[in-house]
Structure formats: structure tokens, C-alpha cells
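The structure under discussion appears below in the form of C-alpha cells.
The values are calculated or read from the model by the stated rules, or taken from the named source; none is laboratory data. Given the structure is predicted, the values throughout are model-derived calculations rather than measurements. A quick note on method: Cβ atoms are made from the backbone with ideal geometry, for glycine too, and the neighbour counts reach across all protein chains shown. Note: areas computed on protein heavy atoms with side chains; ligands, DNA, RNA excluded. Shrake-Rupley method; radii C 1.70, N 1.55, O 1.52, S 1.80 Å.
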Amino acid sequence: MRVQIPRRAYLSRLFFSRAGKVIAGVMAFFILTVGGLFTYAWVHYSRIIDQKLKEGPFARTAMLYAAPEALSVGDRISSAELAAALKARGYTESRANRMGWYHVRADAVEFFPGVDSYARTEPAVVFIQDGVITRILSSRDHTDRYQIGLEPELFTNLFDRSRQKRRIIRFGDIPQVLVNAILSAEDKRFFSHAGFDPIRLIRTIWVDVTQNRRFGASTISMQLARTIWLDQEKTWKRKAVEALITLQIEQKLTKEEIFEHYVNSVDLGMRRSFAVRGFGEAAQVYLGKDVRQLTVEEAAMLAGLIQRPNYLNPYRHPERARNRRNIVLGLMRDNGFINEVDYRKSTKAPIALAEGGVESTDAPYFVDLIHDTLQEQFQEIDFQAESYRVYTTVDMKLQRDAIAAIQAGMKEVDDQLARRKRKYPQPQVALVALDPKTGEVKALVGGRSYGESQLNRALARRQPGSIFKPFVYASVLRSAIDGSTELITPVSTVEDEPTTFYFDDKTYEPNNFKMEFHGLVNLRQALSKSMNIPTVKFAEMAGYDAVAELARDAGLSGVRGTPALALGAYEVTPLDMASAYTVFSNGGTWTKHNFIREIRSESGGRIFEYTPVTRQVLDPRISYMVVDLMQEVLRSGTGAGARSRGFGLPAAGKTGTSHDAWFAGFTTKLLCIVWVGFDNNQELPLEGSKAALPIWTEFMKRAHQYREYRGVQAFQPPDGITTVDIDPLTGQLATAACPKPRAEVFVAGTQPVEFCRLHGGSGQRTQIAAWDDAAVEQQTAEPAGSQTSGPARVARRGRPEQPKPPASPKPEPEAPKRGFLDRIRAIFR
């Protein structure tokens, strides 16, 4: 019997049956779609995470290393200091450390380079007694060494288009005090939850609802996901992806690995123009120390920066940083990481920041030069695709001393300008220090503050003024060798008087400083006192084109042969000027400056090794004569202020005053150029001796205290140089009656042969060293004048025949006696 279903009920059942199928189908489609999207997102982000983890958080950061340092027997260093130096270079006490490990014994420190070590570093045992190295034993062949190299110091990981600075640290190197501080400040249950902290999430919602204020719920894992793989945009899509990545990194990494990635990548603010990333770099930038050396209060201060790094910047807002630090210390106490006594002691401690900040520990202008050099010379290499190791020439001790010398010297400049009636813009500065033999740049500063201005004044073209004059005198002194002009020696004289020079149908009328003129002066006086008109006259004698050619050979491009070149009118850079001065410090050989010693790949393969670029520009004898003349600048000339400021080592130098102030000088160990001036090329109303010389002096005093730069020697003359005693008034050979004889240097064979007529020169004899070191015994044959009236008689080589004694003169009527001034007039009449 068929049951009749009411039509309405039938239609209703049919509708719902179809609707249910549709709904079920839609739901199934939705689930499949969501599942598919989730699966796609999971796989997509899984691949991204795997690739990032494979590269590491710093795969796109090249590592820049300072020049290697050496340890020598007799050096003063304690075991603790040596251990600290090894720590700063990445060594630990763990034998598994890839950079290397060390062990401190009662009588020695032994260290062993790892697989990531510098190729030339040798394992050794350094024996130390009473703070002095007594013995160095190589662990490679168990033989003694007098000297051994230390690992080059990593001074920055900067090679990032976003100007981010990082310094990698491993989890095993993170001090427990810093771990505790970070956990207290950010995520105290990090090591126990699975990426999300439900207790903290509930607390966040409760605070948001009841107190109407934001309370962070992000765990360390969530922050890492956001820092490395995502941007900071606050949207639901980004939050969802953040949760997805958090789940994956918790699955793929251990808690220690997550924590290591976090402490190396977290944003810790800005210092000058750099973004500081990670606690390794932050410890150096803010505190000037290795992260392993952090105290409780220092760790709390750094951990507190995570919340709002720029707002809490300790340099800009020390009180804010102190308050936040104390909050973190309170959390550490509440979590049982420190006791009440440590809490009270730490909260009372002041915030002790590294003096000068980032520029005290790094070389930002130097790093920019490295960046530019790599881009220009190695275009085929992508330095952001692999962790290349770039071994540079910079000496970080000298770099820090350069900063300190500039800070002290520029304060003097500011004070001098403040005493003047008119208002001046802020003066700027540049300092370049080179190895005088190799041309390696040991320190470079391009301005007072890199944060305020990234313009590198070491590369800015400015008029060098009087520091160019040594090239004029070198050119004119070459006449003693090539005979291209009338013979000129250090005792040759010219008139220092107002003079008009004619060149290319134009007139040139230079002036002396303060319009002071000195009459008849010799070449040594003209250079030591930086006289302008005599310098132009000597340039005219040498030939302007000859002077310009010498300058170009020394790397000073753009110099033209005109009278103005004698006074440094053509613009050069301080860096090029430093290289040019190697002509004098290096026996006439020009050596091009360089910044990079070596480049190695991440696996240690050598990609590049620098070969010095040199050329012989000047005869060593002429180079030495100019050096001797420049020593006079520091003895009695415009650079004598260096001696009065306490710098007493053998040195040569030259002041310069144009629109700007300069000083260039060197010892046998170090060459340094200092420039001071205004960026707008406005004239600086201070001479080089008052603005640049104090900075040079302070830097050189500091630099030569280090082992590598001690043992400065006097400049040694090459073969073919003769030194004779002359009378300064006449330029002739001194006699026993000359009141103030002075030693003068000459190319052998060009020294004076007449004795001082002013103080009884007739019939006197002297011994003069000739070219082949044989003694040449000479006697004056005629009462001729000095070299002011013509070329001197050239000394003969070998031993000449002994001259016969002069015949007794016939008696002559007694001449009337003349006064002292009359006798001088007679000499120069």
C-alpha cells in the first residue's frame, strides 16, 4: 500500500535534500580550498624557510677584517689580556669552535686556529711571566719563534645595501646573564612553550580589555619569524603568515638554534647612519666590548632596547635607557635570575657607554672605501651572495687613536674660531695614515661625524698649499744630477722680495704670509720657513713643466706647469697626497695606497692577493736631501710646534696653508696627512701649524707607543750623499773660526770647495767624503765666492795628489781695519 505524501511535505523534503547537498558541496569545496591553500602556503613557506636556514642569517654579509697583529718575545701583555684578545677574534675555550680555541695555563696561553681561521695563523704556546712574553713555542713543529701572528680582528660585517651592521655570535658564546636578561624582557617561558605562549596571550587580551592598553604577546619565535622572513606591516595576512612560519621554525629548529638566530638578527636601534642588528654588534657599538664580557646591568640595558630601540637609544636618551634597564633588572629578580643584593647594586650603576660610539670601534669612512673598491675592481663577484672574507690594511688601534686625536685637535680649532669676531661654519677634518714603505692605509677618517655627514673628505679635492713645496725643491735639486739647469744646492740663494713673474703672456704676483720679506735667503731657509716668492723662483729655475711632471709621476693628476703650481694651487685629495709623500719616505719610490691585502671565499679559497704598485720617481739622493730639508721644518721652521708639543722622534714634515690647513709628515714607521677646512671651500683663518699640526702631533705621539711603530730610526743617507759643515751666513765650508757652523747635505761632488771668507777661509783644508767613500783632500785655490755666484767645484773621485804648501806671501802695506758689517758687505758686494 503506497502512502501518499502531501505535496507540500514532498516539495519541502526535496528542497532540503538538494540544499543539503549544495551546502555539503560548498562546505567540501571550502574545506578543500582552504586545505589546498594551507598546504600550498605550508610548502611555499617551508621552502623559503629551508633556503634561508641553509644560507644562514648572514649569508649576504661579507666580513671585513683588520690587519693581522704580531706577538713578540719581550712584549708586555698579561695572560688575561691575551685571552681577551683571542676572544675578540672569535676564539673560545671550546675545541669545537670553528674559528679556534685557546687554553689559559698557569704559565702560558696556548691557542689553536680552527677551520675558519686566517690561513697564516700558526698554533702556539705563549709563555708569560710577570706580564712579559718570555718564550713563544710553535705547536706545529715544536720550535721556538721570536714572533708569531695573531688572528686578524673582525671589525665589521657591514656589506649590506641597507647599511646594517652585524657581528655573529654562537649560542655557546652567549653569556648566561644575557640569556636571562632577554628571557625576562621578552619571553620567560621560551624554552618550555611550542612557539606560542597561551598564558601570555590570555594576559594580553585581559590587559587590552580591562586597561585599554597594548601589551605584547609575541614570543621570541614569533619575533624571529617577523624579523627574518616578514616585514613590519601590521595586517591580519601578515599575522597569519607569522603564525605559520612560527610553527615551522619550531618544528625545524631546536630552541637553542632559534635563540641564536634571534640574538643575531634582532633590531637594536641606529647608531649614526648604521642600523645595529644583533647583540654581538650592539655590545661593541654601545659598550665597546665583546658580548662575552657583559655585566648584569649591561646585559639588562641591551635586552631592554628590544622593546623600542630608537626611543630607548642610550646615547640620545640615557635616562630612558636607564629606566628601562632597571625594569628588566626587576623582571630578572622576579624570575629568580638575580637576588635582591645584585638587583640593588645593578640599578644604582651608571650607564657607561663606549666613548664616541660606533666610530670608536669601527672605521666607517674606511669601510665605504672598501665597498667602493670591491664594486669597482671586482665587478664579476657578487659580494652579497657569499660570506667573503676581506682582509684589509686598517690597524684598529691607530683608527681609534686617529678619532681621539681629531676630537682633541678639533676642539682647539673650534676654540680658536670662537675667539674671532665673525661666525664660521663648522670646520671639517680628514686624516690619512699610511705605512711609509708599503702604502697600506693604517687609519683613515673622513670627517668629524659619519652620522652627520658621510662625505669622505679624504677623497675631496682641495688646494694643498705649501705641503706641495717639497716637490718644487726636489725638482730643482735634480740639477745636481742631470745638469738640466744651473747647479742648485741647499745653500743656493735667492732674494725674497716682491716679485712679478711672467708666464704665457700673463703676470703672476704672489705674496708671502703676512707680507713679510726676508731678503737674501738660501734654499733650506725658504722651505723651512715656507716662503712663497723664493719657492716660485726655484720652480722657475727648475722649469714649471718639470715640477708638474714630477708631481704627476707621484700620482697627483691634474697638476699643470704654471707659476701657481709652486704654491699648491692645483687641487688634490688628502689620500693622493699621502701616497705622493711616499716618494720622500721611500727613497724616491712612489707607492700607491691600498686598502685590501687579501680576499678569500667562505671556504677559504684565495680570490685576490694585493701586489704593491710602485715606480721609481726620484733619485734616492735627491729624495734624501728633501727629507733632510723637511726635518729642518720641524727643528726650526713652521712645524716646530710638533716638538714643543712633546713629539721628539726623528721626523720630516711640511705645513700647508691655502684656503685650508694642512700638515704632512712621516717617520720611518708611519706617514700621516691631516687636512682641516670648511666644506664650502671658505677660507679657514688658521695656518696649518695651528689647525692641522696639533692633530698630526697627537696622533703620531699615540701611534708610536705601540710595538709595531716603536724603534723609529733616523733617516739614513744613500750612497752618493756628502755631509759637510758650512757657515750659514756664507754657505761656504766652515772654518774653526765660524761661530755657528752647521752640517749640510749635498750630492757628492756638488758640495762647496771654498772656505768661509767671512771667518778666515784662506789656506784652510778639509776632508770630504766622495762618491766612492774615499777621502778627498781639498784646498782652496782661489778666493772665489760661494755657490751664490756660480757652480761649486766638483770633488774629484779617488785620492788626489797632495797639494803643495802655499808659498809665503810678500809683506804688503797694512790695510785699514774694517768693522764686522763692512766685512759682510764686502762678501756679498
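For Cα pairs less than 8 Å apart in space and 6+ apart in sequence, what is the mean separation divided by the residue count of the range 465-614, i.e. the relative contact order in percent?
20
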Between the range 490-539 and the range 253-296, what's the alpha-carbon centroid distance in Å?
60
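Can you list the equivalent-ellipsoid semi-axes of the range 465-516, largest first and in whole Å, using the square root of 5 times each Cα gyration tensor eigenvalue?
Semi-axis lengths for the range 465-516 are 23, 15, 12 Å.
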Average accessible area per residue (Å²) across the range 275-338 - probe 1.4 Å, nucleic acids and ligands excluded:
36
Chain lengthening between Val341 and Ala743 when straightened (0.36 nm per residue, less Cα-Cα)
137.5 nm
Could you tell me the calculated FRET efficiency between Glu257 and Ser601, based on Cβ-Cβ distance and R0 = 30 angstrom, to the nearest 0.05?
0.75
Could you give the nm distance between label points at Gln375 and Thr507, where each point is 7 Å from its Cα heading toward the beta carbon?
5.0
How many angstrom lie between the Cα centre of the range 70-134 and the Cα centre of the range 646-704?
38
On each of the three principal axes of the Cα atoms of the range 384-527, give max minus min coordinate, whole Å, ordered largest first.
60, 48, 31
Considering only protein heavy atoms, what per residue accessible area in square angstrom results for the range 444-530 with a 1.4 angstrom probe?
44
Taking all protein chains as present, what is the carbon and sulfur share of the accessible area of the range 323-467, in % to the nearest whole number, probe 1.4 Å?
47
D (Stokes-Einstein, µm²/s), Kirkwood Cα radius, the range 420-486, 0.692 mPa s at 37 °C
210
With all protein chains present, how much of the accessible area of the range 583-634 (probe radius 1.4 Å) comes from carbon and sulfur, to the nearest whole percent?
46
Rounded to 0.05, the calculated FRET efficiency for the beta carbons of Asp75 and Phe30 at R₀ = 60 Å is 0.20
Compute the length gained on full extension between Ala84 and Arg320: take 0.36 nm times their separation in residues and subtract their Cα-Cα distance, giving the result in nm to one decimal.
81.8 nm
Heavy atoms of the protein only, probe of 1.4 Å, neighbouring chains included. What is the accessible area of Glu81 in Å², nearest 10?
110
If the chain between Asp382 and Val132 were fully extended at 0.36 nm per residue, the gain over the current Cα-Cα distance would be 85.5 nm
A correct Karplus calculation of ³J(HN,Hα) over the range 481-492, with 6.51 cos²θ - 1.76 cosθ + 1.60, θ = phi - 60°, whole Hz and x for Gly and Pro, returns 10, 8, x, 6, 9, 4, 4, 10, 10, x, 9, 5
Sites Lys592 and Arg189, calculated FRET efficiency, Cβ-Cβ separation with R0 45 Å, nearest 0.05:
0.15
Separation of the Asp482 and Arg615 label points, Cα + 7 Å toward Cβ, nm
1.4
Under 17 Å from the 7 Å Cα→Cβ point of Glu516, by amide nitrogen: which residues of the range 464-502?
466, 496-498
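Give me the accessible area per residue for the range 559-704, probe 1.4 Å, as a whole number in Å².
On the way: 4270 Å² over 146 residues.
Normalised by residue count, the accessible surface of the range 559-704 is 29 Å².
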